[in-house]
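The values are calculated or read from the model by the stated rules, or taken from the named source; none is laboratory data. Here the structure is a predicted model, which means the values were calculated and not measured. Here the Cβ positions follow ideal geometry from the backbone for every residue, glycine too, while neighbour counts run over all protein chains shown.
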Amino acid sequence: MSNFDYAKLRPLEVKSFVHDGQPVFYLRDPLELSDRYAMVPQILGTLLATLDGQHTVAEMRQVFIQSTGQLISETEIESLLGQLDDLYLLNNENFAEIKKYALEKFRATPHRPPALAGLSYPADPAALRRELQAFMDATPPVEPLAHGSGLFCPHIDYARGGNVYAQLWKRARKPAQTAEVVVIFATDHNSFLPGQITPTRQNYATPFGVLPTEQSVVDAVVNVLGEENAFAEELNHRREHSIELVVTWLQFIRDEKPVPIVPILVGSFYHFIGNGQRPADDRQLQAVLSAVKAATAGRRVLTVASGDLAHLGPAFDTAPITPALKTALKQDDERMLAPIIAGDADGFFDIIRAERGARNVCGTAPFYLTLKMLGRVQGEVTAYDCCIADENETSFVSVAGIVFDEAG
């Protein structure tokens with residue numbers, strides 16, 4: 001009996017490309033538990049498909065030979081599985097131990113360090129301040145919104161979305177500066193649990209300092225979800241950029257003064273498209289929103305959705321975006337933004353459902369929950385852009401900044 005009988009791959013991101021003239025699969029670990037990565041020849045794809053916890057090594061070999069007509073030995077299979085195991089890509093005790101260690105280390109630190117500082121933006125506060133101010137200076141002056149209860153913010157990198165960020169935060173300066181607590185619903189790009197709500201008790205740091213997490217609100221969410229469910233994917237906070245890129249701007253626009261935050265990652269709502277159910281009928285989602293509202297009652301709350309709009313083109317496994325299709329992309333975004341501006345969360349999701357998720361709107365869940373949190377509001381688009389996402393300029397990510405105030 002082999003040690004790798006009934007081996008099972010963890011949920012991974014799989015990309016296919018050509019490396020040194022050979023088609024390979026790149027297996028990305030969303031938790032980044034190892035600093036190494038795996039590239040597996042695509043001819044072994046059939047073998048990878050047997051890593052479902054249902055096959056012995058001998059059975060894996062048999063399936064591979066029958067499917068491909070290629071010979072492979074059990075020793076060669078065990079060698080491949082050993083390499084995957086060394087990278088913690090198999091769902092076994094080895095992975096469980098390293099995950100437990102990583103989570104304990106994450107929770108033991110005084111704050112979550114900024115994962116992208118020095119990579120996507122400057123780690124030095126002065127250099128970062130200059131970069132963000134340059135975006136502010138490059139965009140037209142606007143009158144800050146006198147009041148405001150929420151906003152939609154992109155989480156694309158600053159190099160491409162800097163002007164959209166700047167125009168949004170200029171308009172939202174006063175609500176951001178006067179907020180007593182900021183609730184953030186952000187896309188969890190690495191969640192494998194449908195609609196998962198993932199808070200953390202960990203504080204968030206930016207190069208400008210530490211933003212404390214409002215523990216009482218997190219506790220209220222955990223009381224609804226249960227401890228195990230609430231933190232099942234907490235380790236995703238460690239590397240996820242969707243909150244980090246927002247709170248860095250938040251702290252900048254507040255003149256670097258801290259404010260308590262409630263950082264919540266949200267998994268995909270795609271299951272609602274497939275099962276025909278409505279997010280509005282999901283009791284757990286509604287209970288979480290009610291708990292957050294009750295726990296923040298009496299304070300000036302700014303609710304922020306962190307999400308981008310459409311992701312289209314070869315970079316996202318769809319057809320190349322021609323100039324004509326780019327025009328259509330913008331028109332589709334305008335149609336989708338109409339119910340958002342009207343504060344209509346369910347009308348917005350009806351459009352997502354009708355599209356069957358084909359436009360890959362990564363902000364669907366945060367947008368929906370934020371609108372439900374805000375209640376009766378009127379939105380204003382502060383900026384919109386289509387950002388290039390590949391070298392051939394045939395893939396795009398659309399982004400928008402939106403501020404919300406109570407409807408008149």
What tally of residues in the stretch 45-60 results from selecting those that are within 21 Å of Glu13 (Cα to Cα) and surrounded by 19 or more Cβ atoms within 10 Å (Cβ to Cβ)?
4
Checking the condition farther than 21 Å from Arg239 by Cα and either modelled with pLDDT of 95 or more or not aromatic (Phe, Trp, Tyr) (or both), which residue from Val210, Val217 passes?
Val217
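Each row is one residue, and each column tells you yes or no for (1) crowded, with 17+ Cβ neighbours inside 10 Å; (2) modelled with pLDDT of 95 or more.
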{"site": "Phe367", "(1), (2)": "yes, yes"}
{"site": "Lys372", "(1), (2)": "yes, yes"}
{"site": "Glu380", "(1), (2)": "no, yes"}
{"site": "Cys386", "(1), (2)": "yes, yes"}
{"site": "Asp390", "(1), (2)": "no, yes"}
{"site": "Phe396", "(1), (2)": "yes, yes"}
{"site": "Ala400", "(1), (2)": "yes, yes"}
{"site": "Glu406", "(1), (2)": "no, no"}
For the stretch 125-148, state whether one or more residues are in contact (Cβ under 8 Å) with a residue 60 or more places away in the chain, outside any helix (DSSP H, G or I) and under 23 Å from the mean Cα position of the chain (by Cα).
no
Checking the structure you have, find out if any residue of the stretch 323-344 is touching a Lys or Arg at 6+ places or on another chain (Cβ under 8 Å), surrounded by fewer than 23 Cβ atoms within 10 Å (Cβ to Cβ), closer than 30 Å to Glu180 by Cα and in the same structural domain as Val221 (by TED's automatic domain parsing).
yes
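Wholly within the stretch 215-281, which helices (runs of 4 or more DSSP H) include no fewer than the required count, namely at least 2 residues that are of a type outside the set (Phe, Trp, Tyr) and over 30 Å from Gly347 (Cβ atoms)? Can you show your working first?
Working: elements: 215-225, 227-230, 241-253, 270-275.
The helices (runs of 4 or more DSSP H) meeting that bar are 215-225, 227-230, 241-253.
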Select, from Ala287, Ala310, Ala338, Ala354, the only residue that is in contact with a Gly (Cβ under 9 Å, 6 or more places away or on another chain) and hydrophobic (A, V, I, L, M, F, W, C).
Ala338
Members of the stretch 149-163 that are buried (at least 24 other Cβ atoms within 10 Å of the Cβ), in contact with a Pro (Cβ under 9 Å, 6 or more places away or on another chain) and either without any contact (Cβ under 8 Å) to a residue 40 or more places away in the chain or outside any strand (DSSP E or B) (or both)
Gly161
